[in-house]
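What follows is a short report on a single structure.
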Amino acid sequence: MQKRKKTQNITFVLLGIMGDLSRRKLLPALYQLEVAGLLSEDISVVGVARERLQPDTFVELVTQALSQHVSEPVQAAAVKRLLARMQYVALDLHEVKAYAALKQALGSCHTAIYYCAIPSSVYAAVCQGLAAHGLIRPQSRLVIEKPIGADLVSAQAINASISDFFTEQQTYRIDHYLGKETVQNLICLRFANPILAHLWDNRCIEHVQITLAEAVGVENRGNYFDQAGQMRDMVQNHLLQILTLFAMDPPVDLQADHIRDEKVKVMKALRPMSAHDLSANAVLGQYQAGVIENQPCAGYLEDVQQPSSRTDTFVALKLFIDNWRWAGVPFYVRSGKRMQQKRTEIVIYFKESPCNLYRNVMDTLPQNKLTIRLQPDEGIDIQMLNKVAGLDDQFQLAASKLDMRLNQSEYRPSPRVADAYERLILEVIKGHQALFVRKDEIEIAWQWIDQIMAAWQQSQHPPKPYPAGSSGPLAASTLLAQDGRAWHE
């Protein structure tokens, strides 16, 4: 356990503490920070929900959530310490007068962090209730979750409703992928290693593939997902965030806004995709019944009980970043549900040598490729060619991998991989914004996604079917095959 550091009397207000996100992610994250000794003694937690609960019932529900969603056996002493920080306030978030109870609970708190684990439709009411009771101060912070809108117009409306009360410096928009250790390592990999930095452009890279595959289906989010689809649920945020971190130019320094400035430049350079481009550069699919890990899985239409739904559960795109660094380099990206396995990775294919000195042995040399595995087996490997050892006259080349696994002890002092929410909560407490998404990032991403979805709706094409447990629709393979390439599997 680390030595606890003093902060400035911070109260972490968890709005929606009885909800699914709080139970599955936020309460376990707070518990793990407690175990690690990373919560200062003067940090308190106020849980807010509509239900009226007796103190014993609240304690029981929190303990139950930890028992269900912490992967290892919970430590009773740590649970006791966490509960000692906590109190519960029952209030209707839509009722302005009800916030008086929250004001009383906060007391003389110096810094309040309002974490909105609630639907975005309630954000405006929360801001109004807090403001009416003088609970928004210069040092206050607001944390909001995706989805931030369903398109550009709704995202702008949400951002406007917040900015009337909280400045951009007070607002922390969560994309939990940015809290993953290996996603953060992208910046370090690129800018702390000159050997790679000099290769990171269109002079050396032929094409890039990004895969964000999920084995799960829509789970208990069927109503939401059928309105959103994979493009809005995963591509607009997680996938584009990974893309911008990969493709951005070096920031002036590692300050939050300087990093986000460079990410915005990448988004602005994304080539628009018209209805004509859509047929050649995009594939939208929908999973059907299949088998994953020897377990039968229902199709999407059965999962959501909407027999005529055209909602996409798979997206593959061929996109271009029209700037000096990446001009002419195709980026093939894909994201889907009910795929063969959970996997997030970036694969960089380097250009072939202009002259093959080994053409008498091999007509075409296999490309060097660098694979960045973000999950589940975090690591980096590079495929290179070497001579097969031996004394015979037949000179042979073979492709070999240099593999660095980030879960090995020399790269990770603790065997447990911290959940993204642990890092993100800690960064909010510290007041660091580099791992959070800025307003203009959200809106530019929606602007780019909206024109694709408008073209998709206009086409009236049904999504391409693919069996659960596969790599996606056949058309997604054709997307690369027409360029003489194939997905990295």
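Could you tell me which of the residues Ala192, Ala228 is touching a residue at least 60 places away in the same chain (Cβ under 8 Å) and over 20 Å from Tyr421 (Cβ atoms)?
None of the other options fit; the residue is Ala228.
Quick check: anything in region 144-165 crowded, with 17+ Cβ neighbours inside 10 Å and in contact with a Leu (Cβ under 6 Å, 6 or more places away or on another chain)?
Looking through region 144-165, none of the residues is crowded, with 17+ Cβ neighbours inside 10 Å and in contact with a Leu (Cβ under 6 Å, 6 or more places away or on another chain).
Of all residues in region 11-35 being farther than 12 Å from Ile425 by Cβ and without any contact (Cβ under 8 Å) to a residue 60 or more places away in the chain, which is surrounded by the fewest Cβ atoms within 10 Å (Cβ to Cβ)?
Arg24
Does any residue in region 466-487 that is without any contact (Cβ under 8 Å) to a residue 40 or more places away in the chain come within less than 6 Å, Cβ to Cβ, of a residue that is in a helix (DSSP H, G or I) six or more places away or on a different chain, and which pairs are these?
Within 6 Å, the pairs are Ala486/Leu480.
Restrict the check to region 431-440 and report whether at least one residue is more than 30 Å from Ile43 (Cα to Cα), surrounded by fewer than 18 Cβ atoms within 10 Å (Cβ to Cβ) and at pLDDT below 90.
Within region 431-440 (the criterion being more than 30 Å from Ile43 (Cα to Cα), surrounded by fewer than 18 Cβ atoms within 10 Å (Cβ to Cβ) and at pLDDT below 90), the answer is no, since none of the residues qualifies.
List the pairs whose first member sits in region 298-319 and is outside the structural domain of Gly469 (by TED's automatic domain parsing), whose second member is crowded, with 24+ Cβ neighbours inside 10 Å and of a type in the set (D, E, K, R), and whose Cβ atoms are under 6 Å apart, counting only residues at least 6 apart or on separate chains?
Pairs found: none.
Here are some conditions: (1) modelled with pLDDT of 95 or more; (2) among the polar types (S, T, N, Q); (3) more than 17 Å from Ala112 (Cβ to Cβ). Ser71 meets all but one. Which one does it not meet?
Here Ser71 clears every test but (1).
So for region 447-464 (the condition being under 30 Å from Leu27 (Cβ atoms) and part of a helix (DSSP H, G or I)), does at least one residue qualify?
no
Select from region 235-282 the residues that are more than 26 Å from Lys337 (Cα to Cα) and among the polar types (S, T, N, Q) and list them in ascending order.
Passing the criteria: only Gln255.
Just checking, which of Leu301, Leu243 is part of a helix (DSSP H, G or I), within 21 Å of the chain's Cα centre (by Cα) and hydrophobic (A, V, I, L, M, F, W, C)?
Matching residue, one of Leu301, Leu243: Leu243.
How many residues are at pLDDT below 90 and either of a type in the set (A, V, I, L, M, F, W, C) or in contact with an Asp or Glu (Cβ under 9 Å, 6 or more places away or on another chain) (or both) if we restrict to region 189-208?
4
Six or more apart or on different chains, Cβ atoms under 9 Å: show the pairs whose first residue is in region 445-459 and at pLDDT below 95 and whose second is surrounded by fewer than 18 Cβ atoms within 10 Å (Cβ to Cβ) and aromatic (Phe, Trp, Tyr).
none
Tell me, please, whether a residue that is modelled with pLDDT of 95 or more, assigned by TED's automatic domain parsing to the domain that holds Leu186 and crowded, with 19+ Cβ neighbours inside 10 Å can be found in region 222-230.
For region 222-230, residues modelled with pLDDT of 95 or more, assigned by TED's automatic domain parsing to the domain that holds Leu186 and crowded, with 19+ Cβ neighbours inside 10 Å: present.
Every residue in region 123-143 that is surrounded by 15 or more Cβ atoms within 10 Å (Cβ to Cβ) and not in a loop (DSSP other than H, G, I, E, B), please.
Answer for region 123-143, where residues must be surrounded by 15 or more Cβ atoms within 10 Å (Cβ to Cβ) and not in a loop (DSSP other than H, G, I, E, B): Tyr123, Ala124, Ala125, Val126, Cys127, Gln128, Gly129, Leu130, Ala131, Arg141, Leu142, Val143.
Looking at region 285-324 only, could you name the residues that are touching a helix residue (DSSP H, G or I) at 6+ places or on another chain (Cβ under 7 Å) and among the basic types (Lys, Arg)?
Matches in region 285-324: Lys318 only.
Answer yes if at least one residue in region 95-111 is part of a strand (DSSP E or B) and in contact with a Gly (Cβ under 9 Å, 6 or more places away or on another chain), and no otherwise.
Yes, region 95-111 has at least one match.
Residues that are farther than 27 Å from Lys265 by Cα and not charged (D, E, K, R): does region 333-340 have at least one?
yes
Per-residue answers, yes or no, for (1) surrounded by fewer than 16 Cβ atoms within 10 Å (Cβ to Cβ); (2) among the aromatic types (Phe, Trp, Tyr); (3) within 30 Å of the chain's Cα centre (by Cα):
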residue	(1), (2), (3)
Ser44	no, no, yes
Ala49	no, no, yes
Arg52	yes, no, no
Thr57	yes, no, no
Ser71	yes, no, yes
Val79	no, no, yes
Leu82	no, no, yes
Arg85	no, no, yes
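Which of the numbered conditions does Ser154 fail, given that it passes all the others? Conditions: (1) modelled with pLDDT of 95 or more; (2) farther than 28 Å from Gly37 by Cα; (3) in the same structural domain as Glu41 (by TED's automatic domain parsing).
Condition (3) is where Ser154 drops out.
Among the residues of region 115-137, is any of a type in the set (Lys, Arg), under 23 Å from Leu426 (Cβ atoms) and touching a residue at least 60 places away in the same chain (Cβ under 8 Å)?
Looking for residues that are of a type in the set (Lys, Arg), under 23 Å from Leu426 (Cβ atoms) and touching a residue at least 60 places away in the same chain (Cβ under 8 Å), one finds none in region 115-137, hence no.
Within region 74-99, how many residues turn out to be touching a residue at least 12 places away in the same chain (Cβ under 8 Å) and either within 22 Å of Pro119 (Cα to Cα) or of a type in the set (Ser, Thr, Tyr) (or both)?
Selection size over region 74-99: 11.
The values are calculated or read from the model by the stated rules, or taken from the named source; none is laboratory data. Since the structure is predicted, the reported quantities are computational estimates derived from the model, not experimental observations. In this analysis, Cβ positions are derived from the backbone assuming ideal geometry, glycine residues included, and neighbour counts consider all displayed protein chains.
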